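Written below as structure tokens is the structure these notes are about.
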Amino acid sequence: MRIRALRKARGWSLDTLAERAGISPSQLSRIETGHRRLSLDQLTAIATALSKTLDELVESPDDSDVVIRPERDERRGLTTWLLSKDDGPRGLTVGKLRITEQAGDVGPDDLGVHPGRDWFTVLSGTVVLYLGERVLRIEAGQAASFSTMTPHALRSDRGPAEVLIILDHNGERCHLGT
């Protein structure tokens, strides 16, 4: 919450904002310090007093809602960036994957199965898609879509590969471990 920073930027005292918002200075102090939950009425009154929208008032003061940090899984040779948060469109998850685990001998224990469909497009490098008995090379600029009831795995071919992937809930849980 940005109330204190916005108040101070205007050069206003706690008493000044409290008076303009129609709440007590002690309530406002507890709201600013996070020791009191505020009602929608109070939030609206404070936003109006500061000439701000509700969105401007509650936007994050840091970059945590803007910058997407990678999650590395060295064991699986995978780095992921979750591009959609809190259930993307239609419950789908959009992510970027950097695959460093090289193609090679892939056994039945390496192949996953789950309900749904997976879709990905290769941004750079080449991905080897193990799909049942088939082994497919998907080059940069190409895409693949398949039923995930077919045993499958993704590996990189001769160097890292990056993909943009769309997963349903089952695919997210299986591939990203979320």
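The values are calculated or read from the model by the stated rules, or taken from the named source; none is laboratory data. All figures in this text were calculated on a predicted structure; none of them were measured in a lab. Quick reminder, even Gly has a Cβ in these numbers, built from the backbone with ideal geometry, and neighbours come from all protein chains shown.
In table form, for the structure just shown:
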quantity	calculated
Criterion violated by His35 - all others in (1) assigned to a helix (DSSP H, G or I); (2) surrounded by fewer than 12 Cβ atoms within 10 Å (Cβ to Cβ) satisfied	(1)
Flag for Ile99 being within 30 Å of Pro25 (Cβ to Cβ), modelled with pLDDT of 90 or more and among the β-branched types (Val, Ile, Thr)	no
Residues satisfying the stated conditions in the range 107-121, i.e. surrounded by 15 or more Cβ atoms within 10 Å (Cβ to Cβ) and assigned to a loop (DSSP other than H, G, I, E, B)	His114, Gly116
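Condition check ((1) within 17 Å of Gln102 (Cβ to Cβ); (2) among the acidic types (Asp, Glu); (3) in a strand (DSSP E or B)) across all residues:
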position: Leu123; (1), (2), (3): no, no, yes
position: Val127; (1), (2), (3): yes, no, yes
position: Leu136; (1), (2), (3): yes, no, yes
position: Gly141; (1), (2), (3): no, no, no
position: Glu162; (1), (2), (3): yes, yes, yes
position: Gly171; (1), (2), (3): no, no, no
